[in-house]
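Only one structure is covered here, and it is reproduced in the block below.
The values are calculated or read from the model by the stated rules, or taken from the named source; none is laboratory data. Note that the structure is predicted; figures quoted are calculated from it, not measured. Note: ideal-geometry Cβ built from the backbone for every residue, glycine included; neighbour counts use all protein chains shown. Quick note on the areas: whole protein, heavy atoms, side chains included, nothing else; ligands and nucleic acids left out. Shrake-Rupley method; radii C 1.70, N 1.55, O 1.52, S 1.80 Å.
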Amino acid sequence: MSYPDWPADLPRPRRDGHAARPRDARRRIEAERNAPRFKRGSSLDGRIVSLRLDLSRSQLATFWRFYNETCLGGTSWFWMADAQSDGWPLLYHDGTPILLHDGTPLLMSKVDLVSWTENPPQETGIRGVTFSVGFDVEVLP
């Protein structure tokens, strides 16, 4: 089965709107008298990543078309560049970038298979002609 790719004409997520946490794979077991216990529910744990995009009106339409039509209202998995590493330069141990023979930095490339979470995307503000959209995805293991 093939999965759709994140639209190339949408901008990279904002760095200040990025947050990541492990998905809680524990199962809660209630006890009659004591505090509840937790057991591991899955050995493969994904990560939940919160992202924020600043979009123009046409990019906003592209985003909602991708969510509603391509991903069937958030029910389909899709490929998306990793916001933490894709496009950033590889570094030597001292922090200087690794350069190619022509002087351009060697960039990392990482693409994740992700799914939408149960919370749908949310438009959170308009600044001039820019729309801000926040959403969570689960990076699949």
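Numbers for the structure displayed
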{"quantity": "Any hit, the stretch 100-120, residues being β-branched (V, I, T), under 19 Å from P7 (Cα atoms) and either surrounded by 15 or more Cβ atoms within 10 Å (Cβ to Cβ) or touching a Leu at 6+ places or on another chain (Cβ under 8 Å) (or both)", "calculated": "yes"}
{"quantity": "Any hit, the stretch 98-118, residues being in contact with a strand residue (DSSP E or B) (Cβ under 8 Å, 6 or more places away or on another chain), at positive phi and touching a residue at least 24 places away in the same chain (Cβ under 8 Å)", "calculated": "no"}
{"quantity": "Output for the stretch 1-19, where each listed residue is open to solvent by less than 50 Å² (accessible area, probe 1.4 Å) and either assigned to a strand (DSSP E or B) or at pLDDT below 70 (or both)", "calculated": "G17, H18, A19"}
{"quantity": "Candidates A31, A25 - the one that is open to solvent by less than 50 Å² (accessible area, probe 1.4 Å), modelled with pLDDT under 75 and over 23 Å from L113 (Cβ atoms)", "calculated": "A31"}
{"quantity": "V139, sole failed condition from (1) open to solvent by 40 Å² or more (accessible area, probe 1.4 Å); (2) aliphatic (A, V, I, L, M); (3) in contact with a strand residue (DSSP E or B) (Cβ under 7 Å, 6 or more places away or on another chain)", "calculated": "(1)"}
